[in-house]
Structures are given as structure tokens and as C-alpha cells.
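Reading through the C-alpha cells given below for one structure.
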Amino acid sequence: MKKNKLALVTGSTAGIGFAIAQSLTKKGFDVIVNGRSEERVNNAINELIKSGANKASLHGVAADLTTTAGISKVTELFPEVDVLVNNFGIFEPKEFADITDDDWEKMWNGNFMSGARLSRHYFPRMIKKNAGRVIFISSESALQIPTEMIHYGVSKTAQVALARGMAETAAHTNVTVNSVLVGPTKSEGVGTFLKQLAEKDGLTEKQVEESFFKTARPTSIIQRFIRTEEIGNVVAFMASDEASAITGSAMRVEGGLLKTMV
């Protein structure tokens, strides 16, 4: 009997990470769900089962990936994976002059080092097997640095650079490494924010969304928030055998927001 491939999706108890986990289960992958607490991990697994996922194909690990102890916990429980999706991340709007060393360190550990550390463990094992996928969930902010949170943009740029460097390292193998440039997405937090803003201003959520893209993201072609499942579907494809020729790429799933053609 053919064994399903195993995918680790970090930060997968909600939002984009959850949607990625859901899309991977639909493609036949076994999935490791990760979050900071056992409660959130268990809740996410239960939701995946309700949506049709096989309980036997789901695993969970509660670990804080901003710490080396959290990374070690994950790699000790799951020494090898076929697919690593570095989705875990944080953001924090803050003026550049107010970003402290602690703020920089927190952002760097959360968005960059978590993926770098996990990749340092899993990537060589993939090379040895001559098979595997590493995918970094980055952002359009990697290319279009947001002035309201420069440290976030810098951390996302670093992810893209790391993915490209790893892909070059994997030359002449069947291991691929890519990043995904995600645009404004209607995750759990964004949906709540839209609802609150609509109630406050006496508008519909659709009107608030239209106003946001008209004023804050006018270059978006689709002029709407991306749905989390739209990100999940792209990542699931990139994790599949069908995407074997895609490596070293920064896949744009940002609704046409970036005006650069390459």
C-alpha cells in the first residue's frame, strides 16, 4: 500500500495556514498541524475532520516556533517530512523610529528564523532522499516594503532570498524550494476587523472592502481580499508532483497588486 506524503504546515490552526492544511489533505497528504497551544491544535484538527479529512491522516504538535526549544520539539516528534510549509509568521504596524531591537528580534525570529531553523533540519534530509518540497509563505510586502511596518517587510524579503538560495543548493535534485508572495487576504483577523469597522461606520463589509482597495491598495487588479482557500490551493499544487519544474520561484498570489511584471 502506497504511503501518503507527510507535510508540516507551521502556524496552521487558523487563517492561511489552516487553509493550506485543508487543501493538502484534499490532495491526499498526511498533515502535521502546528500552533502555540494544544487547544488550538486540537480545535483545528477537529475542524479539518468535520470538513472531510481522514482523522488518521492528521497529526498535531503544539510548539512556539520563535524558540529553539519549540523547533526541537517539532523535529524530535517528526524527524522527517516530505513537505515543509513555513507559514508561521507575525506582523506589527510600527513607525520605523519606534522599532526597538527587541521588536526586530521578535520579528526576525518569528518570520525568518523559524523557517530557517526548520529548513536547516529537514532540507538536508530531503536532499539525501532526493525528494521533497520546501515552501515559504512570504508576502507582497517582500517587494513592496510597507512603511508602516518596515521590519515585517524586511523579514519577508529575507524569506524570498533564503528560498532562492536553498533552491540553488538543491540543483540537480528532485527537491524544490519556493516562496509565495501573498497579497491582502481575508483571514480570521481581517474578517473580524472588517465587520467591526463596518458596524462602527454604519457601512456594509463590502463597502469597507471597496474603500480599502480604492484608497490603500489601488494597484490591486482583483480589488478584493484574497480568500484563504485560494492561497491553500496554490500551495497544495506547489507541494505536488505536478509542480516538479517550479523551483527558486517567488510565486505571486497577490491579486495583481504588484505592478512589476517580473
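The values are calculated or read from the model by the stated rules, or taken from the named source; none is laboratory data. What you see is a predicted model, and the numbers here were worked out from it, not measured in a lab. For neighbour counting, all protein chains shown are included, and Cβ atoms are generated from backbone atoms with ideal geometry for every residue, glycine included.
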(Q) When the residues of the stretch 50-61 are narrowed to those that are outside any strand (DSSP E or B) and within 21 Å of the chain's Cα centre (by Cα), which ends up farthest from Thr75 (Cα to Cα)? (A) Ser51
Q. Between a first residue in the stretch 9-29 that is on the phi > 0 side of the Ramachandran plot and a second residue that is part of a helix (DSSP H, G or I), which pairs have beta carbons less than 7 Å apart while being 6 or more apart in sequence or on different chains?
A. Gly11/Gly17; Gly15/Glu188; Gly15/Thr228
Q. Only one of these conditions is not met by Val81: (1) aliphatic (A, V, I, L, M); (2) under 21 Å from Glu254 (Cβ atoms); (3) not in a helix (DSSP H, G or I). Which number is it?
A. (2)
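Each row is one residue, and each column tells you yes or no for (1) surrounded by fewer than 16 Cβ atoms within 10 Å (Cβ to Cβ); (2) part of a strand (DSSP E or B); (3) hydroxyl-bearing (Ser, Thr, Tyr); (4) at pLDDT below 95.
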site	(1), (2), (3), (4)
Lys3	yes, no, no, yes
Thr13	no, no, yes, no
Phe18	no, no, no, no
Ala21	no, no, no, no
Gly28	yes, no, no, no
Ile32	no, yes, no, no
Arg40	no, no, no, no
Glu47	no, no, no, no
Q. In the stretch 92-106, what count of residues is obtained for those that are surrounded by 14 or more Cβ atoms within 10 Å (Cβ to Cβ) and not in a helix (DSSP H, G or I)?
A. 2
(Q) Condition first: surrounded by fewer than 15 Cβ atoms within 10 Å (Cβ to Cβ), not in a helix (DSSP H, G or I) and not aliphatic (A, V, I, L, M). Now tell me which residues in the stretch 225-253 satisfy that. (A) Arg227, Ser244
Q) Can you spot a residue in the stretch 77-91 that is farther than 29 Å from Ile127 by Cβ and surrounded by fewer than 24 Cβ atoms within 10 Å (Cβ to Cβ)? A) yes
Q) Any idea which of (1) touching a residue at least 40 places away in the same chain (Cβ under 8 Å); (2) closer than 17 Å to Ser138 by Cα is the one Gly165 doesn't satisfy? A) (1)
Q: Mind listing whichever residues of the stretch 107-130 are among the small types (Gly, Ala, Ser), surrounded by fewer than 23 Cβ atoms within 10 Å (Cβ to Cβ) and touching a Ser or Thr at 6+ places or on another chain (Cβ under 8 Å)?
A: Gly110
Q: For residues that are at pLDDT below 90 and among the aliphatic types (A, V, I, L, M), scanning just the stretch 178-196, find the one that is surrounded by the fewest Cβ atoms within 10 Å (Cβ to Cβ).
A: Val190
**Q.** Single unsatisfied condition, Arg120 versus (1) within 20 Å of the chain's Cα centre (by Cα); (2) touching a residue at least 12 places away in the same chain (Cβ under 8 Å)
**A.** (2)
